[in-house]
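Contents: one structure, followed by commentary.
Here, each number is a calculation from the coordinates, and none is a lab measurement. Predicted, not measured: the structure shown is a model, and the values here were computed from it. Cβ sites come from the backbone with ideal geometry, for glycine too, and all protein chains shown count toward neighbours.
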Amino acid sequence: MGRIENKIAIITGAAGGIGLATAELFAREGAKVVMTDINIGKLEAQGRRMTAEGLSVTVAAHDVTQADDWDRIITGTLERYGALDIVVNNAGVGHLASVEDETMEGWRHVLGINLDAVFMGTQKAIVAMKEWGGSIVNISSIEGIIGECVLAAYNASKGGVRIFTKSAALHCAEKGYGIRVNSVHPGYVITPMVTDTINALPPDVAEAMQKDLLGRIPLGRLAEASEIAQAILFVASDESSYMTGAELVIDGGYTAR
Ligand SMILES: NC(=O)c1ccc[n+]([C@@H]2O[C@H](COP(=O)([O-])OP(=O)(O)OC[C@H]3O[C@@H](n4cnc5c(N)ncnc54)[C@H](O)[C@@H]3O)[C@@H](O)[C@H]2O)c1
């Protein structure tokens with residue numbers, strides 16, 4: 001308990017999955033957490049539940065692709081708490097399409113949320129934090145390191161997050177801002193992103209895909225969102241004080257082969 005006591009954290013995409021697990025863990029470790037998401041109904045329900053449990057969380061509607069939304073969230077956080085220490089750029093979308101099947105519209109949608117918005121969130125977090133320092137955690141994926149034939153746009157977006165994070169980290173170090181910027185690379189995690197994708201497939205295709213997937217994971221199972229949250233907590237906290245521009249992989253051994 002108390003690993004990020006009294007730190008002020010913004011977590012995007014916090015209505016479910018990895019973002020929600022991270023918000024819960026951060027709050028249990030003493031942070032004051034601003035949970036944001038485009039899905040306000042789901043977000044408010046989670047916020048009410050967590051507040052009833054005595055956790056220090058607030059919720060805010062936020063489309064991460066919108067600069068005005070970012071300004072409102074960051075200004076509101078600074079007005080309410082007087083500081084901002086941690087930003088987790090977690091909101092993201094999955095999309096199954098190969099390079100031949102992808103459309104320009106699909107490509108722009110995925111890149112807009114998964115990459116452009118991470119740029120925006122990182123840039124705005126740096127402006128807000130540069131007086132006192134902080135930690136920015138960008139959620140990439142193992143799909144930002146290796147390719148997958150049906151994830152053309154997703155691979156591009158997550159690879160972009162990986163190398164953009166290093167550029168931002170170097171900039172902050174050179175300027176002496178005391179801001180660390182790192183990326184986290186989960187393997188396959190049991191969240192709505194994965195389960196909804198699998199459930200949308202015809203049952204025989206879904207079964208074959210799950211079998212194939214499990215066969216490629218040395219630990220033989222998908223991750224729980226809480227296991228990814230533990231890694232995000234480490235990167236966000238002062239425990240990783242010498243870590244910047246780094247990429248932390250949590251994938252059950254998937255990319256070790
Ligand atoms: N689940 C996995 O296997 C996995 C693996 C590697 C990386 N990731 C990454 O982890 C992050 C979280 O994924 P997840 O699995 O928890 O997914 P999820 O679908 O469960 O949650 C994503 C959240 O992002 C929100 N969101 C989507 N578009 C948004 C927008 N424009 N503005 C604000 N919020 C928006 C959604 O409403 C949702 O609550 C994503 O960046 C994803 O790419 C997931």
### Query
Karplus couplings for the range 41-53 from phi (6.51 cos²θ - 1.76 cosθ + 1.60, θ = phi - 60°), rounded to Hz, Gly and Pro as x?
x, 5, 5, 5, 4, 5, x, 4, 4, 5, 4, 5, 7
### Message
Need one number: nm distance between label points at E174 and R108, each 7 Å from Cα along Cα→Cβ, rounded to one decimal.
### Response
3.2 nm
### Task
Give the long-range amide H neighbours of L151: residues separated by 5 or more places, or on another chain, with amide H under 5 Å away, using H modelled in the peptide plane at 1.01 Å from N.
A97
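Taking the range 117-201, which chymotrypsin sites (Phe, Trp or Tyr not before Pro) meet the DSSP loop condition and have no more than 14 other C-beta atoms within 10 Å?
On the way: sites: F119, W132, Y154, F164, Y177, Y188; in loops: W132, Y177, Y188.
Answer by residue number: W132.
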### Summary
Applied in sequence order to the range 236-243, the curve 6.51 cos²θ - 1.76 cosθ + 1.60 (Karplus, θ = phi - 60°) yields integer Hz couplings, x standing for Gly and Pro, of 6, 8, 5, 4, 9, 4, 9, 10
### the range 144-158 - phi-based ³J(HN,Hα) in whole Hz, Karplus 6.51/-1.76/1.60, Gly and Pro as x
x, 10, 10, x, 9, 4, 9, 10, 4, 5, 4, 4, 4, 5, 6
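Mean residue ellipticity at 222 nm from the helices of the chain, using -39,500 (n - 2.57) per DSSP H segment of n ≥ 4 over the full residue count, to the nearest 500 deg cm²/dmol?
That calculation yields -14500 deg cm²/dmol at 222 nm.
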### Query
Given H placed 1.01 Å from N in the peptide plane, which residues other than close sequence neighbours of V34 have an amide H under 5 Å from its amide H?
A9, I10, I11, T58
### Summary
Full extension between S167 and F119 adds, at 0.36 nm per residue less the Cα distance, a length in nm of 16.2 nm
### Task
Quick one: order T36, T51, T77 by neighbouring beta-carbon count within 10 Å, fewest to most.
T51, T77, T36
## Note on the structure
Here FRET efficiency (C-beta to C-beta, E44 to S241, R₀ 30 Å, nearest 0.05) is 0.30
### Alpha-carbon centroids, the range 36-96 and the range 226-246: separation in whole Å
20 Å
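From the convex hull of the Cα coordinates of the range 113-257, what is the mean projected area in square nanometres?
On the way: hull surface 36.1 nm².
The orientation-averaged projected area of the Cα hull of the range 113-257 comes to 9.0 nm².
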### Message
For S141, what residues show an amide H to amide H distance below 5 Å, using hydrogens built from the backbone and excluding near sequence neighbours?
### Response
none
### Query
Does the range 43-92 classify as rounded, prolate or oblate by the C-alpha gyration tensor (a ≥ b ≥ c root eigenvalues; a/c under 1.5 gives rounded; else a/b over b/c gives prolate, otherwise oblate)?
oblate
### Query
Any idea how many Lys pairs in the chain come in under 19 angstrom at the alpha carbon, given 8 or more places apart or on separate chains?
9
### Task
Alpha carbons only, please: Rg and Dmax for the range 195-257, in angstrom.
15.5, 47
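How high is the relative contact order of the chain, in percent, with contacts defined as C-alpha pairs under 8 Å that are six or more residues apart? Could you put the intermediate results ahead of the total?
Values: 502 pairs, mean separation 49.7, N = 257.
In percent, rounded to a whole number, it is 19.
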### Query
Based on the Cα coordinates of the chain, what is the per residue volume of their convex hull in Å³?
128 Å³
### Query
Which one of G2, S141, F119 is farthest out on the positive end of the charge dipole of the chain, using unit charges on Cβ (Lys, Arg +1; Asp, Glu -1) and the Cα centre as origin?
G2
